[in-house]
Amino acid sequence: MKKRVTKAIFPVAGLGTRFLPATKSVPKEIMTLVDRPLIQYAIDEARAAGIKEFIFVTSRGKSALEDYFDIAPHLENELRKKDKTELLDVLKSTNMDSGAIAYIRQQRALGLGHAVWCARRLVHNEPFAVILPDDVIAAEKPCLQQMVEAYEETGGSMVAAMEVPADKASSYGVIDIKEDFGSMVSVKGLVEKPTPEEAPSNLAVIGRYILSPKIMQNLNKMKTGSGGEVQLTDAIDAELKNDRDVFGYRFRGQRFDCGSKAGFLQATVAFGLAREELKDEFGSYLSELMAMQQAAQ
Ligand code: G1P
């Protein structure tokens, strides 16, 4: 019988240098889209998919993340005194059950595969999810939930997948498709950051994974790949060499690359416009701005 997916790993050890100087003192996962940190979107998505244990792979300078998920009695008391019940609810929605969250340090930046491997002792022999908080996905049904439902049918390992322009494929893990079933593909191979000549398709891996615990054994080998780093993509590819199934899942939703400034700004606009309390004011500002820009041309 297939085991349920109840654990998720959040690799959050990266330095976030693309967002310096902000990330000099603020972890990039705490940067906000409207009023919620990137990590909150990732946690909400995991919860919706039935995840009960949250494993953060962190590094030096990321303690703001630990504080973020701790209860804040002083703040809660102040809000209670002032009868700000709505804000109190917002605050409480960020609290985590005691023991539901674990922090492991990745002491050296040896790659995404290495970061995931750092959590091996917490994963035991169960399938687990990996969520990269940089990839924010707006969807009616949260992406990981879509994947968990699909995974209940397939087993094996599964990566979120999305078509990208061919000239962008070299920024991603790319899928060599064995068979295309529409919303799902079976995978023949995976290549991390291929050159344009090497790219087997333009179907890219996006930062949501459901993985067999065997992946940890593959990672034990610490084989270095693209960029001299231990790549998660390579450890998943190794599953295929061992005759175990890997699937690509074309999720329904819009993905924002919040690891890039342009992507982060796009997400800010889209999430701002999606907010009931902001959409009128913010929407008319954007329309005015566009009209002014057009008039100036
Ligand atoms: C990572 C993965 C890559 C994947 C990408 C999705 O790359 O290594 O396979 O396509 O996330 O965002 P990174 O963006 O960390 O370089």
Treating each Cα of segment 34-162 as an identical point scatterer and ignoring solvent, apply the Debye formula and state log10 I(q)/I(0) at q = 0.12, 0.19 Å⁻¹.
-0.56, -1.25
If you rank Tyr68, Tyr172 by fewest surrounding Cβ atoms within 10 Å, what's the result?
Tyr68, Tyr172
Just the ratio, please: alpha-carbon radius of gyration of segment 111-167 over 2.2 N^0.38 Å, N its number of residues.
1.32
Treat every Asp and Glu Cβ in segment 86-244 as -1 and every Lys and Arg Cβ as +1, leave all other atoms uncharged, and give the resulting dipole magnitude about the Cα centre to the nearest 20 debye.
800
Considering only Cα-Cα distances, which of the following residue pairs are longer than 22 Å: Lys62/Lys141; Lys62/Lys261; Lys28/Lys261; Lys3/Lys188; Lys178/Lys221; Lys168/Lys214?
Lys62/Lys141; Lys3/Lys188; Lys178/Lys221; Lys168/Lys214
For segment 245-257, 3J(HN,Hα) per residue [Karplus equation, 6.51 cos²θ - 1.76 cosθ + 1.60, θ = phi - 60°, Hz, x = Gly/Pro]:
6, 10, 10, x, 10, 7, 6, 9, x, 10, 9, 10, 8
Cα-based Kirkwood hydrodynamic radius, segment 84-136, one decimal, Å
14.1
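Please get the size of the charge dipole for the chain, origin at its Cα centre, with Cβ charges of +1 on Lys and Arg and -1 on Asp and Glu, quoted in debye to the nearest 20.
I would put it at about 980 debye.
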Relative contact order of segment 112-189, please, whole-number percent, based on alpha carbon pairs below 8 angstrom and at least 6 residues apart.
12
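With a 10 Å radius around each residue's Cβ, average the other Cβ atoms per peptide and rank 135-146, 208-219, highest first.
Those peptides, ordered most packed to least, come out 208-219, 135-146.
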How much of the pair distance distribution for segment 118-218 lies past 20 Å, counting alpha-carbon pairs only, in percent?
42
Convex hull per residue volume in Å³, alpha carbons only, for segment 45-111
108
If each K or R counts +1 and each D or E counts -1, the residues other than Val123 whose Cβ falls under 10 Å of its Cβ total +1
Once you have the alpha carbon radius of gyration of segment 11-77, what is it after dividing by 2.2 N^0.38 Å, with N set to its residue count?
1.18
Where in segment 124-156 does the amide nitrogen come within less than 15 Å of the point 7 Å from the Cα of Gln217, taken along Cα to Cβ?
124-127, 156
If you average 1/r over all unlike Cα pairs in the chain and invert the result, what Kirkwood radius do you get in angstrom?
20.4
For the chain, which DSSP H helices look membrane-span-like by this rule: Cα extent along the axis of 27 Å or more and mean Kyte-Doolittle of at least -0.5?
276-296
How much of the calculated P(r) for segment 166-262 lies past 16 Å, in percent of all Cα pairs?
58
Considering only Gly228, Ser284, Gln217, whose Cα is most displaced toward the positive end of the charge dipole of segment 193-297, charges sitting on Cβ of Lys, Arg (+1) and Asp, Glu (-1)?
Gln217
The chain - percent relative contact order, Cα under 8 Å, separation 6 or more
21
Which of the peptides 279-289, 161-171 is most tightly packed, and how do the rest follow, judged by the mean count of other Cβ atoms within 10 Å per residue?
161-171, 279-289
Can you find, among Leu79, Gly16, Ile55, the residue farthest towards the positive end of the dipole of segment 8-93? Put +1 on the C-beta of Lys and Arg, -1 on that of Asp and Glu.
Gly16
Need one number: % antiparallel among DSSP beta bridges in the chain, to the nearest 5.
60
With no solvent and one point on each alpha carbon, what is the Debye value of log10 I(q)/I(0) for segment 225-297 at q = 0.19, 0.22 Å⁻¹?
-0.95, -1.09
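Every number in this text was worked out from the coordinates using simple rules, so none of it is lab data. The shown structure was predicted, so the numbers you read here are calculated from the model rather than taken from an experiment. Neighbour counts run over all protein chains shown; Cβ positions are idealised from the backbone, glycine included.
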